[in-house]
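All remarks here apply to the structure that follows.
The values are calculated or read from the model by the stated rules, or taken from the named source; none is laboratory data. Predicted model, so just to flag it, every value in this text is computed and none were measured. With ideal geometry, Cβ positions are generated from the backbone for all residues, glycine too; neighbour counts draw on all protein chains shown. SASA here: full protein model, heavy atoms, side chains in, ligands and nucleic acids out. Shrake-Rupley method; radii C 1.70, N 1.55, O 1.52, S 1.80 Å.
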Amino acid sequence: MGPNGAIEILYAKDIAGIGDEREKSNYMAEKAGEYGDAFANPYNAARYGYIDDVIEPRNTRFRIIRALQSLATKKLVNPPKKHNNIPL
């Protein structure tokens with residue numbers, strides 16, 4: 001969920017209590033910035049273990065090439081089947 005949608009849900013009572021539209025938009029922008037800094041970045045997700053790694057844009061091509069090279073020689077070996085799937 002993006003910061004704007006989350007702010008509308010989390011601070012609905014506070015936002016409803018503000019009468020002035022300009023003040024309401026300033027409040028929402030401030031809270032969206034706080035939410036973005038706290039939750040909407042990949043570094044916090046990596047710190048908590050939700051994702052394995054954060055790849056910087058300049059390293060993306062190298063990481064993809066390395067992953068494809070490791071898969072180029074992969075052999076898929078399935079165990080032999082014990083039973084047939086006969087219609088009953």
How about region 35-53: which of its residues are among the polar types (S, T, N, Q) and in a helix (DSSP H, G or I)?
-> Asn44
List, please: which pairs have Cβ atoms under 8 Å, are six or more places apart or on different chains, and start with a residue in region 39-63 that is at negative phi and end with one that is assigned to a loop (DSSP other than H, G, I, E, B) and open to solvent by 70 Å² or more (accessible area, probe 1.4 Å)?
-> Ala46/Asp52; Ala46/Asp53; Arg63/Ile55
How many residues does region 1-30 hold that are in a helix (DSSP H, G or I) and either in contact with a strand residue (DSSP E or B) (Cβ under 9 Å, 6 or more places away or on another chain) or open to solvent by 40 Å² or more (accessible area, probe 1.4 Å) (or both)?
-> 20
What pairs come up if the first residue lies in region 1-25 and is over 16 Å from Ala38 (Cβ atoms), the second is outside any helix (DSSP H, G or I) and open to solvent by less than 80 Å² (accessible area, probe 1.4 Å), and their beta carbons are under 9 Å apart, counting only those six or more places apart or on different chains?
-> Lys24/Ile18
Checking Lys75 against (1) in a helix (DSSP H, G or I); (2) loosely packed, with under 12 Cβ neighbours inside 10 Å, which single condition isn't satisfied?
-> (1)
